[in-house]
1. Filter region 43-52 for residues that are part of a helix (DSSP H, G or I) and surrounded by fewer than 15 Cβ atoms within 10 Å (Cβ to Cβ) and give the result.
2. I'm trying to understand the selection: among the residues of region 7-65, which are closer than 30 Å to A137 by Cβ, charged (D, E, K, R) and touching a residue at least 60 places away in the same chain (Cβ under 8 Å)?
3. Among residues belonging to region 120-134 that are closer than 12 Å to S102 by Cβ and not aliphatic (A, V, I, L, M), point out the one that is surrounded by the most Cβ atoms within 10 Å (Cβ to Cβ).
4. I'd like the residue in region 67-90 that is in contact (Cβ under 8 Å) with a residue 60 or more places away in the chain and touching a Gly at 6+ places or on another chain (Cβ under 8 Å) and, out of all such residues, is nearest to V19 (Cα to Cα).
5. Sort out which residues of region 99-114 are more than 18 Å from S60 (Cβ to Cβ) and either surrounded by 11 or more Cβ atoms within 10 Å (Cβ to Cβ) or touching a strand residue (DSSP E or B) at 6+ places or on another chain (Cβ under 8 Å) (or both), and write them in order of number.
6. Can you tell me how many residues in region 84-126 are touching a helix residue (DSSP H, G or I) at 6+ places or on another chain (Cβ under 9 Å), part of a loop (DSSP other than H, G, I, E, B) and at pLDDT 80 or above?
7. Kindly indicate whether A137 is within 22 Å of the chain's Cα centre (by Cα), at pLDDT below 90 and either exposed (fewer than 12 other Cβ atoms within 10 Å of the Cβ) or charged (D, E, K, R) (or both).
Amino acid sequence: MTRPHDANEFEQPRGGELVVRTSPTFLEEVFQQIRPRLQPARDAGCDTSRVYLLLDELLSNIFRHGYRGAEGQPIGVQVRVQGEYCYVALRDLAPTFDSPRSAAHRALPSPESGKTGGRGLVIVHRMCESFEHRVPAEGGNALYLVMKLIRRSATADDRVVQPPQDMAPAVPGDVAPRAPDAEEPRR
């Protein structure tokens with residue numbers, strides 16, 4: 001059984017933790033403050049965009065579903081990069097919800113169903129090496145995630161891939177792009 005929480009107690013950040021209050025702009029605040037923590041990974045050639053995607057999904061869920069859109073509620077955020085891994089810890093005082101368990105057992109709605117939502121936690125679950133939930137002594141939720149960072153191996157120009165010829169748009173006077181492995185025409 002968890003004891004009732006004291007909102008002031010939560011205000012005491014844990015080592016390396018950023019404590020933010022929910023608001024319409026709190027995600028911008030979090031991203032601005034974690035950017036320097038992710039800079040070493042970017043400098044080492046890693047793509048950190050998936051970290052922002054993961055945080056956007058989880059923090060938005062805490063705000064919308066956990067706190068039901070209430071502003072001024074605390075969320076603790078820790079982000080640490082070590083080698084090729086990013087470690088994320090989040091905590092809140094919202095009603096307990098085991099999001100990793102929910103994601104692991106959730107059936108995704110088919111695209112044909114027309115249903116929106118319900119995919120975010122499954123995507124987060126699949127992006128991470130590990131995704132764990134615990135209930136802290138003060139109540140609420142604590143999430144611990146480990147994500148392997150992907151190295152950027154090519155420049156943006158190198159990653160341009162042409163569509164197959166049968167999918168290329170027909171533009172009058174335009175020559176269809178040649179497949180990268182096609183032989184040069186003989187002259």
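The values are calculated or read from the model by the stated rules, or taken from the named source; none is laboratory data. Note that the structure is a prediction, hence the values are computed from the model and not measured. When we count neighbours, we look across all protein chains shown, and the Cβ atoms used for this are built from the backbone with ideal geometry, even at glycine.
1. D43, S49
2. E9, E11, R14, E17, E57
3. Here the answer is F131.
4. Applying the filter and picking the extreme gives Q78.
5. Listed by number, the residues that qualify are R101, A104, L108, P109.
6. Counting residues in region 84-126 that are touching a helix residue (DSSP H, G or I) at 6+ places or on another chain (Cβ under 9 Å), part of a loop (DSSP other than H, G, I, E, B) and at pLDDT 80 or above gives 5.
7. no
Yes/no per residue for (1) among the β-branched types (V, I, T); (2) modelled with pLDDT of 95 or more; (3) touching an Asp or Glu at 6+ places or on another chain (Cβ under 7 Å):
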position: P4; (1), (2), (3): no, no, no
position: G16; (1), (2), (3): no, no, no
position: T48; (1), (2), (3): yes, yes, no
position: L59; (1), (2), (3): no, yes, no
